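K.L.:
Have a look at this one.
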Amino acid sequence: MIADEMPELDSEYLPGLCGRYLVATVSGEKFALDSESVSEIIECVNMTELPMAGPVVRGVVSVRSELALVIDLAARLGRGRSGSAGEQARIILLDAQQTGEWPLLGLFVESVDSVLQLDSVLSAQCSRGDVREGDPCIAGISVSDSTVVNLLNLSKVLDSAELTQLVVR
Amino acid sequence: MKLPDNNASTAITVLKGEFDLYRCQELYENIAACFEARTALRIDMSRVTRIDLACIQVLLAARCECVRSGLGFSLLNPTREYQHFLRLCGLEQALLHYDPNGCLPPPLEIPASTTLLRFQLPERQQQWHVSVRFSRHVYRDGGDIPACLQQLKTSGTLLAVRPVLSAMPVFSSLTADQCYLGFEIACDSDASRVLIENIFEPVSEDTDLIILSPDSSVREYAILLQQRGRDSLAVKQFWAQTGLLNSRQISAVDELCNSQSFNVLEAGDEFAEVAAVDLDSGDECFVEVGRHESALDLLGEMMIACSTSKLLAGRLGEKKLLENVTLIDRLASQLQESIQALQTSSVRDLFNYLARKGMEAGRELGVETSFLLHSNSLAVNGMVLNEVVELLQAAIRFLIEYSHPVPVSVPRGPGPAGIRRPVCRIRLQAHADGEYVVLGLQLVQQAVDIEVLKEDSRRAGQLDSSVEMMIAELGHLVLESMFEGARDGGHGQRIAVSDRLAAIGGSVEFMSLPGQGDRFVVRLPVSASVIDGLLIGVGENRYVIPKRHVLETVDRMSDDNQAHFYHNTVRRHGETLPLIRLREVLKVQAEPAAAECMVVVECGRHRVGLVGDFLDGEFQTASRPLGRVLSQLKSIRGATLMPDGKVAMVLDIVGLIQDMVSGQEPVIQNHPVLHVGKCVH
């Protein structure tokens, strides 16, 4: 009976998602961002927190006289807001084409690990009966050095309509 | 209002009731209908209980149209009050009966005769000449021009009032609620200049006022003549008719005006003159954005009232009322966005203005200057433009002054044969870059003469002769030299160009690329607004309160014997103020300060006390717009960069008060603190 209830992981390969990725740690898990979409990585200094905006918005920070909105990636992915910024915490600033709103938008992560070439990416969807389930923010998964890496679907993560709804009024 | 019947010869338009700004459009449309029907305009004024200057202006334009079209014009049965009003404004002659088939001369312009009001002996020892022009929006801003004239009359003796209608368009182009009037006024008064200025204080924002005192010099009269431009002939006629100046004095003023050494206008004056000119001409680009602030204030108050109404409607269970109030609230929000959008000015108009000023500068420098304007539909916040227009003018002047002269080819005079004036071509272009507009001011196939620049800079002590110039340093030197002698901060220190622009969220860069023509690149935020703010600290962050809302500050509330606190209100100066604790609204977790501070703010009729941890002084800044995500926050309306690199959020006072009103009893007077009569701190 238990085996019938277990979802079945799709074994679909996604060759279109192969490439170079920046891998970061969020809530103990590894997440990968397309390296093309990363503008730079900065430390968490002088961040102005916005507690009234809810857990998804970490705060705003100034980067060379430009303002950057910082999204807490753990909260955005439903893992709960990250703890206080440790020494290894970083803000990943994203290319303007990805953001479309503020001049800069950043993702707060617990640490930035490495840049990897991922040549084998599987679908992160799974099937339970006729229903396909999966986190739309995750585009795929890959395995590197025995570690599962989740590939982020940035367009979904940064979807302004969804972010807007998550911000506390 | 009764419309004319089909009999063109007997059609009479009867005006009834009060005719003020809100009915001037109605009056205009009815008169327009008469013109379409090609009927003579005969207006019965016997039932008009009140009429203001906006409607009189419509009648003036209608009379001019009648004269132009060969139709008759007459105002029948004017009341005594109406006649007195016309006399006060010097408009009696302007609205005379006109019969195209009669013997009266049909002047297309207002008759040259001036209404003279002589109530005292002709001995005039304290003659003042007040020359006033109004902006288009003075009526909408509530400016009561006849009231100013009436008050001027009480300060002494109004000798003559001459309306100036040179800016009046033809009837079909008239916008009924805009003002096209000016006045030349001669008065005999012992009052001081300050007193006369104070008379026009209520309309000061919409007024170009020039006052010539009894002891004004010829130079001052000449300045007036130059500044009145196309009205200069009318001004001279006025002087002659009223006896303010005799013919010899008028000739002396004329001679001074025409003298080549007479340079009246400083750069600031020229800018002011341009700003006052009719914006419809398309040349001028500066929206007087200050007026939008008052409109936004009114809307803010309206939105707060909607919140109260929604609360009451909800309690009463009035679903229909609640729907309507919600609709009004939404419309007010949309209107707020529209007004904020009106604060923008087009880049094309800016370029037209810069080109005009640049050619004037070129003539002054003896350089033939031409401009290539790449026009587009971009727009920038008007306040931001006002901050940088001087910089842009200086940049253009710099490019003209230091550009390489084009080699001589064709002999052309004046001047020695074979020599022609140097030529400078400048390209002005703009493109959008996210939330910025990037302006390029580029020399076409020319470069800055660096040797001349170095030499000038050494002479000015800006550059050590032993230092070799690097291209990177050239940019810095260019900007510094461009602002040599520019306005300072009032303490003997020059404000660096980069600091001024950074304060409004912009930047400037000088680029010198081989083969591409030297250029200035200026980045301007599209929708930032410059605000004067008061900094209040809550927890580790600071927040900006726009100063225009601030009434009072209390640095340490515990030491303030005037205040008595009870829950979320404070009794101060005999008034009960609701409190908004920013720590709660902004959900700040840090430990509160031992002694809190309070800032009393006002929005319309509503006053509240904002409680924070500490006050951190005043700060002028550019409020950057929030993206779509953060615009959901009601308590915040913008963000700005602090000098220490941290970000401060600009508080939305209207939003805070709205939230407070939505969440509490609408009738504050029933709060227990008032019944107790004594508050416990």
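What follows is calculated from the coordinates using simple rules that are stated; it is not laboratory data. Quantities reported herein were computed from a predicted structural model and do not represent experimental measurements. Cβ placement follows ideal geometry from the backbone for every residue including glycine, while neighbour counts extend to all protein chains displayed.
K.L.:
What are the semi-axes of the equivalent ellipsoid of the stretch B:13-95, taken as the square roots of 5 times the eigenvalues of the Cα gyration tensor, listed largest first and rounded to whole Å? Walk me through the numbers before you get to the answer.
P.N.:
On the way: eigenvalues 73, 40, 27 Å².
Equivalent ellipsoid of the stretch B:13-95: 19, 14, 12 Å, largest first.
K.L.:
Let me ask something else about it. As a footprinting exposure proxy, order A:V70, B:V67 by other Cβ within 10 Å, with the fewest listed first.
P.N.:
With the fewest neighbours first, A:V70, B:V67 line up as B:V67, A:V70.
K.L.:
Would you mind ranking B:L428, B:L256 by Cβ crowding within 10 Å, fewest neighbours first?
P.N.:
Details: B:L428 23, B:L256 19.
Going from sparsest to densest Cβ surroundings: B:L256, B:L428.
K.L.:
Still on this model: Name the residues whose placed amide hydrogens come within less than 5 Å of the amide hydrogen of B:V423, ignoring near sequence neighbours (fewer than 5 apart) on the same chain.
P.N.:
Amide H neighbours of B:V423: B:E368, B:V406.
K.L.:
Here's something else I'd like to know. Straight-line reach from B:K587: which lysines have Cα under 17 Å away, leaving out those fewer than 8 places along the same chain?
P.N.:
Filter leaves B:K634.
K.L.:
Can you return the lysines within cross-link range of A:K30? Criterion is Cα-Cα under 27 Å, with same-chain partners fewer than 8 residues away left out.
P.N.:
A:K156
K.L.:
For the stretch B:115-258, report the translational diffusion coefficient in µm²/s to the nearest whole number, using Stokes-Einstein at 4 °C, 1.567 mPa s, and a Kirkwood Rh over Cα pairs.
P.N.:
Result for D is 82 µm²/s.
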